[in-house]
Structures are given as C-alpha cells and as structure tokens.
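Heads up: the structure comes next, in structure tokens.
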Amino acid sequence: MDRIDFRSDHRLSDTLALQLFVLRNQILRRGVILIIAMSLGLVIATLSNGAPLSDALADLGNNIGRYLAIAGAGLAVIHIVILVMAVLAWRRLVKPRQIRATLTADGITMQKDGFSYGARWADAGFLIENRAAYLIKFNQLYMRLPKRGFAPGEEAVFRQLVSAVSGNANRLHS
C-alpha cells in the first residue's frame, strides 16, 4: 500500500491544538527573542542614565521584574485572544466538518474547511507526534493529522512513508 486516504471528523480540540502548536513554534520563539532584546535595552538604558551605579542597579532590580511580569502577561493575553478567535472561527463554520487527506510517498494533500493544501515530504521542516496527532510543518504551513483518522494498519504505513524524510525533520517516536 503506497497511498492512504485519511478521513477524520474535525473537532474544536483539533483546531485549538493546532493553534497552540503554531503559537509554541512560531509566536513564542519570536516573543522570547523580543523580551530578551527589550530587557537588554532596559539594562543598557538604566545603567547609562547618568545616575550613580548603585542607584542604577537598585532601579534595575526594582524595574526588571515589573517589565518581565508585563511581558509574561502580554504573552498570556496573546494566547487567550488567539484561542478565543479560534473558537469564534470554529463556531461560524458549517458542521459536521471533516479532515480529508491523501498521503503518498511524495507528500500530502489535505482538504479542510473548504481549502486544499498540498506539500511534499521533502519540504517538511519537522514532523512530530503527541498522543493524539501527528504535527507537521512545511515552510509556513502547519498540518495536524489526528491519529483517530487512520484505519487499522494505516498508521504503520504512514510511518513508513515519512521515514524517508531526510535530516532532522523526522522526529517520530519509534
């Protein structure tokens, strides 16, 4: 068997899990870099404000915690807003919904929410799994295949198909 016709119902939990996956792998990395850069700027500005070093260090000790707390609260707000938006988008789409995909040795074509996405395994940035799904990134395209969509025996075939993915892209558990 060199082709899998994947079918699964599309649940709200799938949408939220994919949003969290994207948050963790895109937005949070960039957010942490921004927080580090802003904290470094705060240190430089505080130490070079012309005050005696002891006063500048006291100000820095008082303020850095506040700024990091504000940054942490901002990241929490970003998470909440994105998840609320995902729920609102989910509610407005027609139901029942289905995830359909065709998986071959060359790649994957997925149909979901009225869109069709296609990608080659050779372009996979990473391929990981958790207990409920396979999470795949192709450049800026993220896909999530719930394990419940595989017929008996197809999951082993899927693993064989993606085992040809070269480099560090394939992080599936054995």
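Yes/no per residue for (1) more than 30 Å from Gln111 (Cβ to Cβ); (2) touching a Cys at 6+ places or on another chain (Cβ under 9 Å); (3) surrounded by 11 or more Cβ atoms within 10 Å (Cβ to Cβ); (4) not acidic (Asp, Glu):
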site	(1), (2), (3), (4)
Ile4	no, no, yes, yes
Leu12	no, no, yes, yes
Leu18	no, no, yes, yes
Leu23	no, no, yes, yes
Pro52	yes, no, no, yes
Asp55	yes, no, yes, no
Ile64	yes, no, yes, yes
Leu68	yes, no, yes, yes
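Scanning segment 81-95 turns up at least one residue that is within 22 Å of Tyr117 (Cα to Cα) and in contact with an Asp or Glu (Cβ under 8 Å, 6 or more places away or on another chain). You will find that of Asp113, Asp59, the residue that is among the charged types (D, E, K, R) and more than 28 Å from Phe6 (Cα to Cα) is Asp59 and no other.
Could you check, for segment 75-84, whether at least one of its residues is within 20 Å of Tyr142 (Cβ to Cβ), assigned to a loop (DSSP other than H, G, I, E, B) and open to solvent by 50 Å² or more (accessible area, probe 1.4 Å)? No - not one qualifying residue is present in segment 75-84. For segment 96-104, the condition of being in contact (Cβ under 8 Å) with a residue 12 or more places away in the chain, open to solvent by 50 Å² or more (accessible area, probe 1.4 Å) and either in contact with a Leu (Cβ under 9 Å, 6 or more places away or on another chain) or of a type in the set (A, V, I, L, M) (or both) holds for none of the residues.
Criterion first (in a helix (DSSP H, G or I), in contact (Cβ under 8 Å) with a residue 12 or more places away in the chain and over 31 Å from the mean Cα position of the chain (by Cα)) does Asn63 satisfy it? Yes; evaluated as a whole, the condition is true for this residue. Looking only at segment 116-152, residues that are closer than 23 Å to Arg11 by Cα, outside any strand (DSSP E or B) and open to solvent by 30 Å² or more (accessible area, probe 1.4 Å) come to 8 in all. Scanning segment 85-95 for residues that are open to solvent by 80 Å² or more (accessible area, probe 1.4 Å), under 22 Å from the mean Cα position of the chain (by Cα) and hydrophobic (A, V, I, L, M, F, W, C) yields Met85, Leu88. Of everything listed in (1) over 16 Å from Ala76 (Cα atoms); (2) in contact with a helix residue (DSSP H, G or I) (Cβ under 7 Å, 6 or more places away or on another chain), the single unmet condition for Ile35 is (1).
Restricting Ile44, Ile33 to residues that are under 30 Å from Ala89 (Cα atoms), among the hydrophobic types (A, V, I, L, M, F, W, C) and part of a helix (DSSP H, G or I) narrows the list to Ile33. Would you mind stating whether Ser39 is loosely packed, with under 10 Cβ neighbours inside 10 Å, among the polar types (S, T, N, Q) and more than 30 Å from Thr15 (Cα to Cα)? For Ser39, the condition - loosely packed, with under 10 Cβ neighbours inside 10 Å, among the polar types (S, T, N, Q) and more than 30 Å from Thr15 (Cα to Cα) - is not met.
The values are calculated or read from the model by the stated rules, or taken from the named source; none is laboratory data. None of these values were measured; they are calculated from a predicted model. Counting neighbours? That spans all protein chains shown, and the Cβs are built from the backbone with ideal geometry, glycine included. Heavy atoms of the whole protein, side chains included, go into the accessibility calculation; ligands, DNA and RNA do not. Shrake-Rupley method; radii C 1.70, N 1.55, O 1.52, S 1.80 Å.
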